[in-house]
Amino acid sequence: MNYRSVMRVLGLMMQLFSVSMLVPMLISIVYHDDTTLVFFDAFVATLALGLLIWFPNRNQTASLRAREGFLITALFWLTLAAVGALPFYLLPDELALSLVDAYFEAMSAMTTTGATVMSNLEAYPESLLWYRQQLQFMGGGGIIILAVAVLPLLGVGGMQLYRSEAPGPIKDQKLSPRIAQTAKLLWGVYFFLTLACIVAYLIAGMSLFDAVTHAFSTISTGGFSVHSASIGHFDSVAIEVITIVFMLLGACNFGLHFIVWQKRSLKRYWRDAEFRTVLIVAVAISLLFTAVLVIHHTQTFATALRQSAFQVVSMMTSTGYATASFSDWPAGLPMLVLLVGVLGGCAGSTSGGFKMIRIMVMSKQSLREMKKMLHPRAIVPLRIGKRPLPRGAAEAVWGFLAIYTLCFAAILTAILLTGVDFITAWSVVASALNNTGPGLGEASASWATLPSLAKWILSIAMLLGRLELFTLLILFTPFFWLQR
C-alpha cells in the first residue's frame, strides 16, 4: 500500500474542497448576513489541513492501484464530511449545530441522502442554505466518478454491466488517464443537466436563488431544499413536473446520457432496458398509490395522482423531496413509500438504493432457475435487454443482497439499542442505507431528536450505502491490508 500517495491525493482534495467555501462566503456578502467570517475560517482551516497533509507527500506521484483507490474513496467522504461540517459548527450561537449534528448534516449532504437535523430553514442565512445545496451538488458529482472509476473494480457496482456502451471502458486495475477523461465527459453531462434544470425552474416561476439551489439537489438526487416545506412550498404543478423529469434524469445512468448526446437520439433512453424498467415501475407504483388514496377517500383522483407520482419518483430516485406529509397516508402507504426507496434508480447514476439493474438480474436469475427445474438440460442465457450478462454477475448481485441484508439487520439492531422505537429505527436505517432522506415516527419532520450515538451510526450507514457497501467493507478485511 502506497500510503504517501494516498495522503498526497487526499491533501489535494482537501485543498480543492476549501476553495468551494469561498462561494457561500460571497453569497453571505451579497445577502449581507453574518456568516462571512464563518466560511472564511472554515476555508483557512481546511486549506491549512490540506497543505499539511499534502506538502510532505507532494513528490509521491506513483500510479494508484485498485487498493489505493478504495482507501482514497473512503477517506474522501469521511474527511470531507468532517471539514464540511465546520460551517455548521461555527455558526453564531443561536444557529450553531452540535458536533454530531454538524457532521451528520455534512455527511447527509455529501452522500446526497437528504436527511436533516435542521428545522425552520427560513431562519438560516441564505449563505448556509446555499452551502447545503452546494455540498449535495459536489457529492453527486463525486458519486459519478465513484461509479465509473472505483465500483467496477469490485464487480458489484453495476457499471460493469454497461461496459460495452459506456464511454471510456475500464479494463485495467489502475486509476488511469482513460478514467480521468471519462470522468470529465460525465461531469460535463452533469453540469449541462444542472443548467437545463435551472432554466426550467426559472421558466416555471422560481427565483434565481431557488432555481439554482434546487437544481443542485435535484440532479444530484439529494433532496435538500431551502424551504422547510420542500417542493411543496411552491404549490406549483409545473415545478413538480419539472422536478419529476429531472429527478428521473439524475437517476439515469450518466453513460446513457452521454450516448444519447453522442448519437443525438432520445430513443436511446427507451431502448435501455434498465431505464425503461425504472420508468415502468415508477408509473405502476404511482397508479397503485393513487388507487389506494382514492379508495380510502382521503383525496380526489387528481390530487392523489399528483402527490403519488411525485412522492414515488422522489423516493425511487432516492431524492427525498416532498410535496405532502406521506407519513399521514392510510393503509400502510408510509411504509411502502420507504420500501420504494429500496429499489433505487440506474447503476452509474446519482441515485441510491439497491439499483434497478440488480433487481432485474435477480428476477432473470430466479426465472432461469424455475425454467431449469422443468428442463434440467436446457441452456438459458441471462440477458438484460439484448446484452448477455458478464460471467459471475448474478453471483455478485446475490452476494450484494446478502451483505445488504446483514448490514441492514446489524445497523437496525444498533439503532434499537440506542433507545429508538422500532418504526423510527426501521425507517431511518432504510433511509440512511438507501440514501433517500425521509423517515417516519420521531424522524418524520427532523432527525434532530435522535440520540447522538444513533446519529453517528446513521452517518456511517449513509456512507456505507453511498459507497455500495463493498467499497467500505473491503477496508475491514485482512487480505486488503496484507496484500502486497
Problem set entry | Cβ-Cβ FRET estimate between residue 235 and residue 98, R0 fixed at 41 Å, reported to 0.05 | 0.75
Problem set entry | Alpha carbon centroid spacing (whole Å) that separates the stretch 419-484 from the stretch 382-397 | 29 Å
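Can you give the relative contact order of the chain as a percent, counting alpha carbon pairs under 8 Å and 6+ residues apart? Write down the numbers at each step before the final one.
On the way: 775 pairs, mean separation 82.0, N = 484.
Dividing the mean separation by the residue count of the chain yields 17 percent.
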For this session: Give a quick list of trypsin sites (Lys or Arg not before Pro) in the stretch 342-385 that DSSP marks as loop, anything other than H, G, I, E or B, with at most 15 other Cβ atoms within 10 Å.
Result: 377
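Using a Förster distance of 30 angstrom, determine the FRET efficiency expected from the C-beta separation of residue 32 and residue 460, and round it to 0.05.
Numbers: r = 38 Å, r/R0 = 1.28.
That gives a FRET efficiency of 0.20.
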Exercise. The chain: longest stretch without exposed GluC sites (Glu not before Pro) (DSSP loop, at most 16 other Cβ within 10 Å), sites themselves excluded?
Worked result: 166-484
Problem set entry | Gain in span if fully extended, residue 281 to residue 266, counting 0.36 nm per residue against the direct Cα distance | 3.4 nm
Exercise. What pairs in 267/364; 184/267; 184/364; 184/263; 355/386 have C-alpha atoms more than 28 Å from each other?
Worked result: 184/364
Exercise. 222 nm [θ] for the chain, helices only, -39500 (n - 2.57) per DSSP H run of 4+, per residue, to 500?
Worked result: -20500 deg cm²/dmol
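Please tell me the relative contact order of the stretch 281-325 in percent, rounded to the nearest whole number, where contacts are Cα pairs under 8 Å and at least six residues apart. Before the final figure, lay out the partial values.
Details: 38 pairs, mean separation 16.2, N = 45.
Once normalised by length, the contact order is 36 percent.
Here, each number is a calculation from the coordinates, and none is a lab measurement. Everything numeric here is computed off the predicted structure, so don't read it as measured data. So basically every Cβ, Gly included, is an ideal-geometry build from the backbone, and we count neighbours across all protein chains shown.
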